[in-house]
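All remarks here apply to the structure that follows.
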Amino acid sequence: MSIAFNSLLILDEGEFLLGSIINAVVSQVMILLRERGLQLIRDIPEEVKIISVCGDQVRIQQVLADFLLNMVRHAPSPDGWVEIQVKPSLKQNSDGTEVVLFQFRIVCPGDGLPPELVQDMFHNSRWVTQEGLGLSICRKILKLMKGEVQYIRESERCYFLIFMELPICHKGESRGN
């Protein structure tokens, strides 16, 4: 099965607070966290919560939630943990627009995702798992938004490393200025 992705998906650009997305993503995993006996650790600077950015709010939430949910599903439990970190860095493009480069890191201890799930996420062949197909779609959505994702496995933990660049929206400014 092949998905003609670029022709089917239209990104809806709008202004939103990144904090509202992060809150929605966290709410989506709370029940599963409780069921699995896991703690969620949030390492999110206060300024990130009030940054007004432009982008496809629904798709960004979908992508982050799917990566976080998969990490929660595969974290060791009970008494385990999953951590979400957000690191912003401000930059100015050559055309003068201000953007924030966000680095999201979604971490859990242990072995993390099964190898076939990671394989499904990064290779566009036949998918072995439904979750792998979902992660593959999220990776493609992220690419359409000029972002990227890596999956890194270390000796004691594993994590998704997600990069996303979003323009800053300045309230009250006219587009002509």
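Output the 0 to 90 degree angle, nearest 10, between the alpha-carbon long axis of helix 57-74 and the longest principal axis computed from the alpha carbons of the chain.
Tilt of helix 57-74: around 20 degrees.
Can you give me the P(r) profile for the chain? Cα pairs, bins 5 angstrom wide beginning at 0, each as a whole percent.
With 5 Å bins starting at 0, P(r) equals 1, 8, 16, 20, 20, 15, 10, 6, 2, 1, 0.
Where nothing but the Cβ of Lys and Arg (+1) and of Asp and Glu (-1) is charged, how large is the charge dipole of the chain around its Cα centre, in debye to the nearest 20?
Taking the Cα centre of the chain as origin, the dipole is about 180 debye.
To the nearest 500 deg cm²/dmol, what mean residue ellipticity at 222 nm is calculated for the chain from DSSP H runs of n ≥ 4 alone, each contributing -39,500 (n - 2.57), summed and divided by the residues?
Helix contribution divided over all residues of the chain: -11500 deg cm²/dmol.
So if I take the centroid of the Cα atoms in region 131-145 and the same for region 4-54, what is the distance between those two points in Å?
15 Å
Specify the angular offset, from 0 to 90 degrees and rounded to the nearest 10, of the alpha carbon long axis of helix 18-36 from the longest principal axis of the alpha carbons in the chain.
Tilt of helix 18-36: around 10 degrees.
So in region 1-122, what percent of DSSP beta bridges are antiparallel if you round to the nearest 5?
70 percent
Compare the Cα positions of PRO88, GLY112, LEU166 along the charge dipole of the chain (+1 at Cβ of Lys, Arg; -1 at Cβ of Asp, Glu; about the Cα centre) and return the one farthest towards the positive end.
Checking the options against the dipole of the chain, the answer is GLY112.
Please compute the modelled spin-label separation between THR129 and LEU32, points set 7 Å along Cα→Cβ, answer in nm with one decimal.
1.1 nm
For the chain, what number of Lys pairs, 8 or more residues apart or on separate chains, have alpha-carbon atoms under 19 Å from each other?
For the chain, qualifying lysine pairs total 6.
State whether region 1-104 is rounded, prolate or oblate according to the following rule on the C-alpha gyration tensor (a ≥ b ≥ c being the square roots of its eigenvalues): a/c under 1.5 gives rounded; otherwise a/b larger than b/c gives prolate, and the remaining case gives oblate.
Taking the square roots of the gyration eigenvalues as a ≥ b ≥ c, region 1-104 is oblate.
Going by alpha carbons, how many degrees (0 to 90, nearest 10) lie between the helix axis of 130-144 and the longest principal axis of the chain?
20 degrees
Readers should treat all values here as calculations from the given coordinates under stated rules, not as data from a laboratory. All values derive from a computational prediction rather than experimental measurement. Positions of Cβ are backbone-derived with ideal geometry, glycine not excepted, and every protein chain shown enters the neighbour counts.
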